[in-house]
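Reviewing the structure listed below.
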There are 2 protein chains.
Amino acid sequence: MKVISLNATVTASNDRDAEALRGEMRREGVLLVNLMSAPGAGKTTLLSRLIGDMRDVRFAVMEADIESTVDAERIEALGARAVQVHTGGMCHMDAGMTARAWREVAGKDVDIAVLENVGNLICPAEYDTGAGCKAMILSVPEGDDKPLKYPLMFAESDALVISKVDALGWFDFDVEKCAARARRLNPDIRVFPLSAKTGEGMAALEDWLRARLDGWRKR
Amino acid sequence: MKVISLNATVTASNDRDAEALRGEMRREGVLLVNLMSAPGAGKTTLLSRLIGDMRDVRFAVMEADIESTVDAERIEALGARAVQVHTGGMCHMDAGMTARAWREVAGKDVDIAVLENVGNLICPAEYDTGAGCKAMILSVPEGDDKPLKYPLMFAESDALVISKVDALGWFDFDVEKCAARARRLNPDIRVFPLSAKTGEGMAALEDWLRARLDGWRKR
């Protein structure tokens, strides 16, 4: 498995870099998904489930972490193309870093490229990575008050995955209240309560991803 | 309840500001604890339990968040002194911000001042806030691989609280493996597996906090 170390590019040029990457991805017909969440919300587990379920879609994954290669190893074990990115201590990925990572996994046989961003509910929301679609995960154990505390992440995301719903009996978490709080920040956000462990709710997210890919290629 | 909005101070002077604040806290005999974790790990729940259990210790709490006042409201409801700090989008607290927040809750009747830092496993570890003691929380649902991915936080902390152990049956989490990974980064780190919900394991943390307060006042 390939591991690359990247440092942040100059911030002033980030928006330009992001637009350039988005244009490139559109020409190649690849939907780039920026997947964000706090540490331990289940990004890699969700991705593993999607890759296993959606055999008609070819995934490539960029795993961003400060250290370790555990996530990219999990994805490669599923037979998907993956690269581990080490961010040199950086708390987010920017567009230049994403473009460098994409070059490591790019190919004619990719439909959806997923950037699994650094586990952080704050900084990744502030940087356009060039993605065509932004999805965030909030896990049930984190609590339904998180839209109140980390509003930008919820405002910026196209989809909110509420993960680990199999643990709803164990934790105080009101799915409807959480969804309403997210929609107050972002009326268009799509909400997907699911469990990647049991499979509950996965189909709705998978249908939405397929529709996003179709839409991306038709525009 | 008081809410203050703070912006970051100049980074170059942060270490100097931190030493100044630490000296002030020592002269006042107040132990400042920098409490850090990812979003939703249970910082406020742990603090609420500590305040309820340790009636012989007088707490003052600085709640740092990007937005909302829910945490400070919870602490005030317990009768403890609290201030809500809004960080203006900032992903961490620095020493200058902490000193400003401390002025809002300072008093002769404080033994332990707790800075509940912004929910983030990355950036807060990089900034000395002037605290005399650093504690982090990792919750069971986040997974035992987090020391591999966020090493600086574990390396910098005096204590690792492994929270939500009442949910150990629900999640794959190996307490011993996690503690060993943390000790590889930080041989001196004290590990406290506990549940603030059931009270299991709280006594060991409370004894340690009392000993830290005594040690701080004797030095």
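The numbers here are math on the coordinates, done by the rules we state, and not lab data. Since we're looking at a predicted model, the values are computed, not measured. Neighbour counts run over all protein chains shown; Cβ positions are idealised from the backbone, glycine included.
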Treating only the Cβ atoms of Lys and Arg (+1) and Asp and Glu (-1) as charged, compute the dipole magnitude of the protein assembly as shown about its Cα centre; round to the nearest 20 debye. 260 debye
Measure nothing but the geometry: give the 0 to 90° angle between the long axis through the Cα atoms of B:43-53 and the longest principal axis through the Cα atoms of chain B, rounded to 10°. 80 degrees
Above-threshold pairs, the threshold being 19 Å between Cα atoms, out of A:Lys2/A:Lys197; B:Lys43/B:Lys108; B:Lys43/B:Lys197; A:Lys43/B:Lys177; A:Lys149/B:Lys134: A:Lys2/A:Lys197; B:Lys43/B:Lys108; A:Lys43/B:Lys177; A:Lys149/B:Lys134
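Taking the Cβ-Cβ separation of B:Asp109 and A:Arg27 as r and a Förster radius of 51 Å, what is the calculated FRET efficiency to the nearest 0.05?
Values: r = 66 Å, r/R0 = 1.29.
Result of the calculation: an efficiency of 0.20.
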Residue-ordered couplings for segment A:199-216, obtained by feeding phi - 60° into the Karplus form 6.51 cos²θ - 1.76 cosθ + 1.60 and rounding to whole Hz (Gly and Pro as x), are x, 4, x, 5, 4, 4, 5, 5, 4, 5, 5, 4, 5, 5, 5, 4, x, 4
What aspartates and glutamates sit close enough to A:Lys164 to cross-link, taking a C-alpha to C-alpha distance under 14 Å and skipping anything fewer than 8 places away on the same chain? A:Glu142, A:Asp144, A:Asp172, A:Asp174, A:Glu200, B:Glu142, B:Asp172
Placed amide H near A:Arg190: partners under 5 Å, 5+ positions off or other chain: A:Ala159, A:Leu160
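If you place +1 on the Cβ of every Lys and Arg, -1 on the Cβ of every Asp and Glu, and leave all else neutral, what size is the dipole of chain A about its Cα centre, to the nearest 20 Debye? Walk me through the numbers on the way to the answer.
Working: 29 positive and 34 negative charges, 110 e Å.
For this selection, approximately 520 debye.
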Given the candidates A:Met25, B:Ala80, B:Pro141, the one whose Cα lies deepest towards the positive end of the charge dipole of the protein assembly as shown, counting +1 at each Lys or Arg C-beta and -1 at each Asp or Glu C-beta, is A:Met25
On C-alpha positions alone, give me the angle between the axis of helix B:175-185 and the longest principal axis of chain B, in degrees, nearest 10. 50 degrees
Let me check I've understood the local charge: for A:Arg219, count other residues with C-beta under 14 angstrom from its C-beta, Lys and Arg +1, Asp and Glu -1. What total comes out? +4
B:Lys2 versus B:Asp188, label points 7 Å from Cα toward the beta carbon: distance in nm? 3.3 nm
Between helix B:14-28 and chain B: long-axis angle, C-alpha atoms, 0 to 90°, nearest 10: 80 degrees
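Tally Lys and Arg at +1 and Asp and Glu at -1 over the other residues with C-beta under 15 Å from the C-beta of B:Ala180: what net charge comes out?
Values: positive: B:Lys146, B:Lys177, B:Arg181, B:Arg183, B:Arg184, B:Arg190; negative: B:Asp144, B:Asp145, B:Asp174, B:Glu176, B:Asp188.
Spelling it out: positives minus negatives among the neighbours equals +1.
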Please work out whether segment B:22-96 counts as rounded, prolate or oblate from its C-alpha gyration tensor, where a ≥ b ≥ c are the square roots of the eigenvalues and a/c under 1.5 means rounded, while otherwise a/b larger than b/c means prolate and anything else oblate? oblate
In deg cm²/dmol, rounded to the nearest 500, the helical mean residue ellipticity at 222 nm of chain B, built from -39500 (n - 2.57) for every DSSP H run of length 4 or more, is -11000 deg cm²/dmol
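May I ask you to sort A:Arg184, B:Arg100 by Cβ crowding, counting other Cβ atoms within 10 Å and putting the fewest first?
Numbers: A:Arg184 14, B:Arg100 17.
Listing A:Arg184, B:Arg100 from fewest to most nearby Cβ atoms yields A:Arg184, B:Arg100.
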Relative contact order (percent) for segment A:126-219, with alpha-carbon contacts under 8 angstrom and 6 or more residues of separation? 28 percent
At a 4.7 angstrom Cβ threshold, list every cysteine in the protein assembly as shown that has nobody to pair with, or say none. A:Cys133, A:Cys178, B:Cys133, B:Cys178
Expected output is a single nm value to one decimal: the length gained when fully extending between B:Ala155 and B:Asp207, i.e. 0.36 nm times separation in residues minus the C-alpha distance. What is it? 16.5 nm
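Residue separation times 0.36 nm, minus the C-alpha to C-alpha distance between A:Asp56 and A:Ala12: what's the value? Could the numbers behind the result be given before it?
Numbers: separation 44, 0.36 × 44 = 15.84 nm, distance 3.88 nm.
Full extension of this stretch gives 12.0 nm more.
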Rounded to the nearest Å, what's the spacing between the alpha carbon centres of segment A:161-219 and segment B:194-217? Just the number, please. 38 Å
Based only on other Cβ atoms within 10 Å, what is the fewest-to-most ordering of A:Ser13, B:Ser157? A:Ser13, B:Ser157
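For chain A, rounded, prolate or oblate, judged on the Cα gyration tensor with a ≥ b ≥ c (square roots of eigenvalues), a/c < 1.5 rounded, else prolate if a/b > b/c? Display every interim value, and only then the final one.
Numbers: a/c = 1.43, a/b = 1.31, b/c = 1.09.
In terms of gyration-tensor shape, rounded.
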One finds the C-alpha centres of segment A:94-150 and segment B:61-77 to be spaced, in Å, by 28 Å
